[in-house]
Amino acid sequence: MNCYCAFCKSPRRIYRKRNINLINVIASAMTAMVIMFAIWQSFDPRAIIAFVVCLAISEVFIKIRWRLSVVCRACGFDPVLYIKDPQAAAGKVRDQLDVRKQDPKYLLAKPLNLPTITPQKAEALQSKAKGKLVSRSI
Ligand SMILES: [Zn+2]
């Protein structure tokens, strides 16, 4: 799925699927059947354990894939972390931007479209929410 980063507005692709669906359940059942016939050569109730393990592995894999795809590769903005802890998300973005500044491979890359804060807006933000403003440069 194509979308834009909420912070640097760069176009990107994310996986929308967050949990397993019916197809994954059917695939896990078939994998469990194959494992059952490979190990016991007949129907065996222990295949249920293999089925549950396959379901757990596919759920964990899809969750990790979704979680990794949500983070922006250009600026490091993590919307999930931002909802839980905006300060930590700002720190991660700052770290990523520092890495980007140091890395020579980004010297000729297209600059990020970062939001700008004018001094007047920064003043208003600081008076409204004390200490919430992370950096004037971002
Ligand atoms: Zn971004």
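Of the solvent-accessible surface of the chain, computed with a 1.4 Å probe over protein heavy atoms with every protein chain present, carbon and sulfur atoms account for 65 percent. Axis of helix 47-70 versus longest Cα principal axis of the chain: the two differ by about 20°, to the nearest ten degrees. For LYS92, the shell of other residues with beta-carbons less than 13 Å away shows a net charge of 0, using +1 for Lys and Arg and -1 for Asp and Glu. Between the beta carbons of ALA56 and GLU123, assuming R0 = 41 Å, the FRET efficiency works out to 0.20 to the nearest 0.05.
Computed from Cα atoms, the angle from the helix 119-128 axis to the main principal axis of the chain rounds to 70 degrees. Along the charge dipole of the chain, which of GLY76, PRO104, ASN21 sits closest to the positive end, that is, farthest toward it, with unit charges on the beta carbon of Lys, Arg, Asp and Glu (+1, +1, -1, -1)? Farthest towards the positive pole: PRO104.
Relative to the current alpha-carbon distance between ILE39 and LEU68, full extension at 0.36 nm per residue lengthens the span by 6.9 nm. The residues of the chain expose on average 74 square angstrom of accessible surface per residue, using a 1.4 Å probe on protein heavy atoms. The slack between TYR15 and GLN102, meaning 0.36 nm per residue of separation minus the straight C-alpha distance, is 28.4 nm.
Annotation: average projected area of the stretch 42-96 is 5.1 square nanometres, based on the convex hull of Cα atoms across all directions.
Roughly how tilted is helix 22-40, in degrees to the nearest 10 and between 0 and 90, from the longest Cα axis of the chain? Taking Cα atoms only, the helix is inclined about 40 degrees.
Per the Kirkwood formula on distinct C-alpha pairs, the Rh of the stretch 1-70 is how many angstrom? Evaluated over the stretch 1-70, this radius sits at 13.9 Å.
The values are calculated or read from the model by the stated rules, or taken from the named source; none is laboratory data. Just so you know, these numbers come straight off a predicted model, no measurement behind them. As a convention, Cβ positions derive from the backbone with ideal geometry for all residues, glycine included, and neighbour counts pool all protein chains shown. Ligands, DNA and RNA are stripped out before the accessible areas are found, and what is left, the full protein with its side chains, is counted by its heavy atoms. Shrake-Rupley method; radii C 1.70, N 1.55, O 1.52, S 1.80 Å.
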